[in-house]
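Working notes, structure below.
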Amino acid sequence: MTSRGTKYWSSGAIPLIAPEILGDIIAEVADLGIVISDSGIVLSVLVSPTNETFQKLERWENKDIRSALTIESVSKFDSRLAAFLDGASPIRPVELNHSDDVGRWEFPVRYSFHRIGPDGAILMLGRDLRPIAEMQQQLVKAQLALERDYEVQREYDTRFRVLMDSTADAVIFASVQTGEITEANPAAASLLGRSREDLIGTAVALCFEGRKRGDLIDSLTTQAISDRDDPVKTVLRGSGQAVNLLPTLFRAAGERVLLCRIAPLDEKNMRADNLTQNVKSLYVNGPEAIIFTSDAGDVLSANDAFLDLIDVAHDVNLRGRNLSDYLQRGSVDLKVMMENAARTGRMRIYTTKIAGEYGSPRSVELSVTKLQAGQHTVFGFVVRDANHAETTRNPAKAGDDESMQSVVELVGSATLRDIVAETTNVVEKMCIETALELTMNNRVAAAEMLGLSRQSLYVKLRKFDIMSRDSTPDE
C-alpha cells in the first residue's frame, strides 16, 4: 500500500512508474523498444543492455522508421499501424526486417504495439528473431542435406540393383556377425535352388553340405583377409554340385560383411577357353618367374617362382621395392630392358644375374613386355634360370676366332707388350659387340653398361670398324 493507504494493484491497473525506471524495465523485458508517433516518426529508442549489436540503432531517433525497414516490411508496418490506430482488437505482433540505407546488414524483429500516452505515442516492443532465423536456416540446410543424401543413396541403390541383376556370376552378401545372407542376386538364387526372398535371412551354412555356421564363416573370413586368392571348396546342399566360394571382406555401417562369389566346379560349367582364369593359373602355378612392375620399376606383384628364385618368404616383403635392387647391374640393367621394351613393345631376351638379399647371384634370362593398364604403363618380366634352361645362343663370330688365332700366332714373333695390346683390343671389341647386341644396338645404353662416355664409345666403334653396321637411332 502507498502512504495514502491505497493499493498498488487494484482492478487490474498498473501503478505509476517513474520514467527512468520504466525505461529500464522495457530494456530488460524486450531486446528493442521503439517509441513512435502515430505517423511513424521515431521518438525514442530503448536497447537491451545485453544486446550490444543494437546500440547503433539509437541514431534512428527523429527519423521515419520506414527508412530503416526493408521494402517488403514497409507495407506490413503500414497495415499493422493503421489497424492499431483504428482500435482494432486484438492486434497481433508483426515481424519486420530492418536494414540500413544500402542494405549492408539485415535482421528480423517481432514487434507488439502498445499505446503509452494521451499524446498518441506508441511503444513498439521488439524481440530479436536472429537466433530463431539462424536455427531455421540450420534446419533448412540439414533438411536439404538429408534430401541430397537420400537421393544419392537411391541412385547408388539403383545402380547396385542393376549390377546385381545383370551380372552372370552368382553373388551373395553375408553378415560375419550373424552368418546370415543379407543380399543375393538372381544368378545365386538360381544356383542355390531358392528364391531371393527365401535366401535373405537364411544362414549361409544351410546352403552347403557338411558345414556348420561358425566354421564356414570363419573359413571365409580367414581366406578373405589372406593374400592368397585360393577359393573355399564346398558342395551345394540338395544338388550336390561342387562349387568354389571366393570371399571378399569389407566393413559397412560398422558391420563386417562378406561378399561371396559362387563358382561351379563341374566341367559342363567350366569353359576351357576362359582366358582370364587360365592366365591367372599360369601366373600362380607356372614354373617361370613372373614379375609386374610400374613404369618406374617398382614391383606390383610377383609369383611364387620368382620368390623361390630370390629366396624371399612372402610377396609382401617384395611389393613396393624396385626390381633393380635384385639385378646384378642394378638400374643399368633395368633401364636397358625398360627402354627397349618401351620402344618396341617387348624385349625377347636379356642376360644378367639376379640375387636376393641372402642368396648368391644366379645367371638368368629375362623377357620384357610393355603393357597398358588404363592410363598406367606396366612392364611384365618373365625370368628363366639360365643354369637349368636350354638356351639358344648365336655361334661365335668368325671374326672373333680369327682375332684370337692371330693373338696366338704372335707368341714367339712379338714382345709380350705387343701381345697384351693385341689381346686387349680383341677383348674390347668382343665386349662392345656384346653390349650392342644386349641393348639392341642402343649405343647410349651400351655406353652406360660398359661404363664409358658416349664419345669414348664412338671412338672405339671407329677404331674397330663397327660404325658401319646397321643401327637404330640413338636415344
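In table form, for the structure just shown:
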| quantity | calculated |
| --- | --- |
| Test result for ASP169, surrounded by fewer than 12 Cβ atoms within 10 Å (Cβ to Cβ), out of contact with any Phe, Trp or Tyr (no Cβ under 9 Å at 6 or more places or on another chain) and within 28 Å of ARG237 (Cα to Cα) | no |
| Residues located in segment 325-354, provided they are among the charged types (D, E, K, R), surrounded by fewer than 22 Cβ atoms within 10 Å (Cβ to Cβ) and touching a strand residue (DSSP E or B) at 6+ places or on another chain (Cβ under 7 Å) | ARG329, ARG346, ARG348, LYS353 |
| Selected residue (only one of SER99, SER89 is modelled with pLDDT under 85 and within 23 Å of SER48 (Cα to Cα)) | SER99 |
| Members of segment 55-97 that are among the basic types (Lys, Arg), in contact with a Lys or Arg (Cβ under 9 Å, 6 or more places away or on another chain) and part of a helix (DSSP H, G or I) | ARG80 |
| Segment 180-213, subset in a helix (DSSP H, G or I) and farther than 18 Å from GLN241 by Cβ, residue modelled with the lowest pLDDT | ARG213 |
| Candidate set from segment 292-324 (those that are hydroxyl-bearing (Ser, Thr, Tyr) and at pLDDT below 90); member that is surrounded by the fewest Cβ atoms within 10 Å (Cβ to Cβ) | SER301 |
| Tabulated pairs, segment 25-50, first within 17 Å of ASP64 (Cα to Cα) and of a type in the set (D, E, K, R), second in a loop (DSSP other than H, G, I, E, B) and modelled with pLDDT under 85, C-beta under 7 angstrom, 6+ apart or interchain | ASP38/GLY120 |
| Some residue of segment 222-235 being farther than 27 Å from LEU318 by Cα, buried (at least 17 other Cβ atoms within 10 Å of the Cβ) and without any contact (Cβ under 8 Å) to a residue 60 or more places away in the chain | yes |
| Selection within segment 259-270 - among the basic types (Lys, Arg) and either at pLDDT 70 or above or within 22 Å of LEU163 (Cβ to Cβ) (or both) | ARG261 |
| Residue identified as at pLDDT 65 or above, on the phi < 0 side of the Ramachandran plot and of a type outside the set (Val, Ile, Thr) among ALA30, ALA13 | ALA30 |
| Matching entry among GLU147, GLU134 (being under 30 Å from SER99 (Cα atoms), surrounded by 10 or more Cβ atoms within 10 Å (Cβ to Cβ) and among the acidic types (Asp, Glu)) | GLU134 |
| Strands (runs of 3 or more DSSP E) contained in segment 214-319 and holding at least 1 residues in the same structural domain as ALA341 (by TED's automatic domain parsing), of a type in the set (A, V, I, L, M, F, W, C) and out of contact with any Lys or Arg (no Cβ under 9 Å at 6 or more places or on another chain) | 289-294 |
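The values are calculated or read from the model by the stated rules, or taken from the named source; none is laboratory data. Everything numeric here is computed off the predicted structure, so don't read it as measured data. Neighbour counts run over all protein chains shown; Cβ positions are idealised from the backbone, glycine included.
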